1. Somewhere in the range 191-208, is a residue more than 19 Å from the chain's Cα centre (by Cα), buried (at least 23 other Cβ atoms within 10 Å of the Cβ) and not acidic (Asp, Glu)?
2. Closer than 18 Å to residue 261 by Cα and either in a helix (DSSP H, G or I) or at pLDDT below 90 (or both): is that true of residue 51 in this structure?
3. So how many residues does the range 246-277 have that are hydrophobic (A, V, I, L, M, F, W, C), surrounded by fewer than 18 Cβ atoms within 10 Å (Cβ to Cβ) and under 21 Å from the mean Cα position of the chain (by Cα)?
4. How about the range 249-277: which of its residues are touching a helix residue (DSSP H, G or I) at 6+ places or on another chain (Cβ under 9 Å) and not in a helix (DSSP H, G or I)?
5. Restricting to the range 1-34, give me the number of residues that are modelled with pLDDT under 85 and not aliphatic (A, V, I, L, M).
6. If I filter the range 74-86 for residues that are under 17 Å from the mean Cα position of the chain (by Cα) and either of a type outside the set (Asp, Glu) or at pLDDT 95 or above (or both), do I get at least one hit?
7. Select the helices (runs of 4 or more DSSP H) contained entirely in the range 100-171, then report the ones holding at least 3 residues which are at pLDDT 90 or above.
8. State which residue is modelled with the lowest pLDDT when the search covers only the range 172-221 and only residues that are among the polar types (S, T, N, Q) and under 28 Å from residue 119 (Cβ atoms).
Amino acid sequence: MSVSWTDAAILGLLQGLTEFLPVSSSAHLRIAGEFLPSGADPGAAFTAITQIGTEAAVIVYFWKDIMNIATAWLRQVFRMGAYDEDNARMGWLVIVGSLPIVILGLLFKDNIEHGLRNLYITAAMLIIFGIALGVADRIGRKTRTLRSLGWKDGIIFGFAQAMALIPGVSRSGGTITAGLLMGYTREAAARYSFLLAIPAVFGSGFYQLFKTMGEETPVAAGPTALATLLAFLLGYAVIVVFLKLVSTKSYMPFVIYRIVVGALVILGLTAGWLMPL
């Protein structure tokens, strides 16, 4: 059974609400699919395409930063005169940090689209990486800014982002956890997480968009477009609130939330209310 317009709208709003929070948007879409009237898993393709909407929100919010980084990087590469070294270096770090998720995404494409969407795995990742986030937030020094970001840290951030190929890990949660463990401030880790996601999410989203053209999918093109638009609108609002929140507040509410949701999913699977795949 295909996902209806109403269901797609709900999933789009859920995508926009959870993409930038360290709670895993892909896990929430996977779990929510079980409770929709259609009872259908919206699929990895739908998740990737709706993430185009949330990443468009990142581009709008960080437009000035992105343009400064892109301009400096292009000036350096093509020797077009003076450029800001910090912004040019950030451009290279975003490129290098994006390589792990691209390589691993291609190598394990079939597993990502099928086997790794098992709800037992999703629940386990919610709990395990929720605990990891809590530990990182507690022991991280939170003193480093993005000016101190180097190649080694950029690659570590990249592999942390690649873990989000598994529903339940969370792209922002994985990269923020890595950043906190390396001593970065909450805001610095979050900002780099958003910037780092741009190439990977747009690449994955447009790949899935062109790949599924003309194919029968759980969510038709119209409802998918609606979900993507709603994800953009709500996603932008979440960025504004989240970046203000993380500068002063602990991640502990998100840690508790992840553990509770993971435990409830395991309970639902054990009781037979949910199906693993």
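The values are calculated or read from the model by the stated rules, or taken from the named source; none is laboratory data. Worth saying up front: this structure is predicted, and the values here are computed from it rather than measured. We place every Cβ from the backbone using ideal geometry, glycine too, and count neighbours over all the protein chains shown.
1. Here is the first cut: in the range 191-208, the residues more than 19 Å from the chain's Cα centre (by Cα) are none.
For the range 191-208, residues more than 19 Å from the chain's Cα centre (by Cα), buried (at least 23 other Cβ atoms within 10 Å of the Cβ) and not acidic (Asp, Glu): absent.
2. Values: closer than 18 Å to residue 261 by Cα: no; either in a helix (DSSP H, G or I) or at pLDDT below 90 (or both): yes.
When the stated conditions are applied, residue 51 does not pass them.
3. Matching residues across the range 246-277 total 4.
4. Listed by number, the residues that qualify are 249, 250, 251, 273, 274, 275, 276, 277.
5. Of the residues in the range 1-34, the ones modelled with pLDDT under 85 are 1-4, 33-34.
Those still in the list that are not aliphatic (A, V, I, L, M) too: 2, 4, 33-34.
Residues meeting the conditions: 4.
6. Filtering the range 74-86 for residues under 17 Å from the mean Cα position of the chain (by Cα) gives none.
Checking the range 74-86: not a single residue is under 17 Å from the mean Cα position of the chain (by Cα) and either of a type outside the set (Asp, Glu) or at pLDDT 95 or above (or both).
7. Details: elements: 109-113, 119-139, 151-162.
Answer list for the range 100-171: 119-139, 151-162.
8. Of the range 172-221, the ones among the polar types (S, T, N, Q) are 172, 175, 177, 185, 193, 204, 208, 212, 217.
Still in the list and also under 28 Å from residue 119 (Cβ atoms): 172, 175, 177, 193, 204, 208, 212, 217.
Values: 172: 92, 175: 96, 177: 97, 193: 93, 204: 81, 208: 78, 212: 74, 217: 69.
Filtering the range 172-221 for residues that are among the polar types (S, T, N, Q) and under 28 Å from residue 119 (Cβ atoms), the one modelled with the lowest pLDDT comes out as 217.
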